[in-house]
């Protein structure tokens, strides 16, 4: 929340969050909290995307949890990204708008998930929170791709009417 507030004040726009700036600050802060023997490249694509607070906040919570999971589990010291994935260890975050729908993608090219693990039915508190927020707050359609690491895609539309508070 503090990063959202800081982003709002720095951009002097108090109704919409510059998601490129916000996601960069958020991932930098998370990356600074974790040490990895592997160098992890972070690529963020959210330039020009501005979300209202009702969507920026849940997006930030989802990104925070999934990026944290990537730092904790995706790149163990024994995993050689260059040998397995022919590219450096990479964490990608993308937020795009196409035909009235936002697509928030958080992915890594790490070790991936166990074959018998269903992230959409996960019982861990973090993934339960991610799934709940995506479904109930963003009304997102969730897809998970585990072919070359782990990638979560959340597709949601702009709110038709913002909630009114007195």
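The values are calculated or read from the model by the stated rules, or taken from the named source; none is laboratory data. The shown structure was predicted, so the numbers you read here are calculated from the model rather than taken from an experiment. Virtual Cβ from ideal backbone geometry, glycine too; neighbours counted across all protein chains shown.
So the values come out like this:
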quantity: Candidate set: segment 127-163, residues that are in contact with a helix residue (DSSP H, G or I) (Cβ under 7 Å, 6 or more places away or on another chain) and at pLDDT below 90; chosen: the one nearest to residue 65 (Cα to Cα); calculated: 159
quantity: Checking residue 125 against (1) in contact with a strand residue (DSSP E or B) (Cβ under 9 Å, 6 or more places away or on another chain); (2) over 29 Å from residue 50 (Cβ atoms); (3) loosely packed, with under 13 Cβ neighbours inside 10 Å, the condition it does not meet; calculated: (1)
quantity: Any chance residue 105 is modelled with pLDDT of 95 or more, farther than 22 Å from residue 32 by Cβ and in contact with a strand residue (DSSP E or B) (Cβ under 6 Å, 6 or more places away or on another chain); calculated: yes
quantity: Conditions (1) touching a strand residue (DSSP E or B) at 6+ places or on another chain (Cβ under 8 Å); (2) in a helix (DSSP H, G or I); (3) closer than 15 Å to residue 24 by Cα: number failed by residue 93; calculated: (2)
quantity: Single residue of segment 53-79 satisfying the filter (in contact (Cβ under 8 Å) with a residue 24 or more places away in the chain and assigned to a loop (DSSP other than H, G, I, E, B)) that is surrounded by the most Cβ atoms within 10 Å (Cβ to Cβ); calculated: 75
quantity: Condition met for residue 56 (at pLDDT below 95, within 25 Å of residue 125 (Cβ to Cβ) and touching a strand residue (DSSP E or B) at 6+ places or on another chain (Cβ under 6 Å)); calculated: yes
quantity: Residue match in segment 88-99 (condition: more than 27 Å from residue 32 (Cβ to Cβ), within 16 Å of the chain's Cα centre (by Cα) and surrounded by fewer than 20 Cβ atoms within 10 Å (Cβ to Cβ)); calculated: yes
quantity: Selection within segment 42-52 - surrounded by 13 or more Cβ atoms within 10 Å (Cβ to Cβ) and either more than 16 Å from the chain's Cα centre (by Cα) or more than 30 Å from residue 83 (Cα to Cα) (or both); calculated: 49, 50, 51, 52
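To keep it simple, each residue is scored yes or no on (1) at pLDDT below 90; (2) surrounded by 17 or more Cβ atoms within 10 Å (Cβ to Cβ); (3) under 20 Å from residue 149 (Cβ atoms).
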position: 3; (1), (2), (3): yes, yes, no
position: 7; (1), (2), (3): yes, yes, no
position: 12; (1), (2), (3): yes, no, no
position: 16; (1), (2), (3): yes, no, no
position: 20; (1), (2), (3): no, yes, no
position: 24; (1), (2), (3): no, yes, no
position: 28; (1), (2), (3): no, no, no
position: 33; (1), (2), (3): yes, no, no
position: 40; (1), (2), (3): no, yes, yes
